[in-house]
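Okay, structure first, notes after.
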Amino acid sequence: MKSLGSIRRDFAPWNDPNAKPYIQFDNVTKKFGEFTAVNNLSLTIFEREFFALLGASGCGKSTLLRMLAGFEEPSAGRILLDGQDLRGIPPYRRPVNMMFQSYALFPHMTVENNIAFGLKQEGMAKADIDKRVAEMLKLVKLEQFAKRKPHQLSGGQRQRVALARSVAKRPKVLLLDEPLGALDKKLREETQFELMDLQQNLGLTFVVVTHDQEEAMTMADRIAIIDKGEVMQVATPAEVYEAPGSRFVAGFVGNVNMFDGKIAAGEAGSASINAGNGITIRTENAGSAAAGTSVTFAIRPEKIKVSSTKPAGAVNAIEGEVYDIAYLGDMTVYHVRLDDGQVVRASTMNAARLTEDPLTWNDRAWVSFRPDAGVVLTR
């Protein structure tokens, strides 16, 4: 059986019917006055999972994290950690730690004292504190900065100090609220992989809140797409991208082209879709959609080929005009306006320095794609 996308690691307890969830949101609702931030939401997270809550600002993802941390209580429903109902347990008694976007480092303390602060509060012996701090400094590669204060560090270094302080107490779960939002793009990309490696080395459960799709896709084992306090889909990054469960998810994660139409005929997952204006799309991913069903055909830009002539033998080929071109170095993005007015986005990797089939603005062009390249959505 072929897999959607690449396999990140041999870890998928959610596919094991006997696996016990580590964190459970059980029909959780959270209201602030008349406003419902979280609406009857149920969700399970497994031990040692790197789990991402992804959604737009105000969708309820940070409220979920705050309820798990103990800073808010659910208006209804239960939150369980390792089988224990967390209701009424104060934040400082929960086996979780939270890392905020602001990092909240003590400016008057050195790096090592910032990391040691929580351990001192717990009354750990000095020798044990020194040993644990040394371990944390080595883990985040900041041994040579132990005596510095936060203002003497770069943004990425401060982020790693905050991370070391968060995991020094060995929490069962680490909660990260937009942890990389203050970093520049290049540093953010580097830190994403550092976080992944750190999570693997520590064997902890990470739950991260982010509105950055690329961040969630890079780091998480699974992603929960949240909208208006409800879960729209929970799946691996590859499944969310290649097999979105709805128009909302398809449009929210990455770029996508959508064609609305009706199933004209089909059997065993294959179908022809009448998309109007003489456009017929043939697909092998129609699922159980029956003839006459109104559907949306969604296809990612990188799965569409753009050419000056109609490809020989192409099952799906539609003619249009080049409307816009963006050269991004590693790829070129074409916007092709079809004769019915719809604009199709196609992206081509620049594997060679020279282009064999150069296209420019206002050229007539064909967009084509394989019948297994897109997915049919019924909601």
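Where a number appears in this text, it was derived from the coordinates with a stated rule and is not lab data. Just so you know, these numbers come straight off a predicted model, no measurement behind them. Methodologically, a virtual Cβ is constructed for each residue, glycine included, from the backbone with ideal geometry; neighbour enumeration extends over all protein chains shown.
Around GLY266, with a cut-off of 12 angstrom between Cβ atoms, what is the net charge of the other residues, counting Lys and Arg +1 and Asp and Glu -1?
0
With 20 Å as the limit, the listed pairs LYS20/LYS61; LYS61/LYS141; LYS126/LYS169; LYS141/LYS169 have LYS20/LYS61; LYS61/LYS141 beyond it between alpha carbons.
If a/c stays under 1.5 just call it rounded; otherwise compare a/b with b/c (prolate if a/b is bigger, oblate if not). Do that for region 227-360, with a ≥ b ≥ c from the square roots of the Cα gyration tensor eigenvalues.
oblate
The order of the peptides 104-114, 322-332, 366-376 by mean Cβ neighbours within 10 Å, most packed first, is 366-376, 104-114, 322-332.
Under 17 Å Cα-Cα from LYS30, which aspartates and glutamates qualify once same-chain neighbours fewer than 8 residues away are excluded? Result set, ordered by chain and number: GLU72, GLU73, ASP85, ASP227, GLU230.
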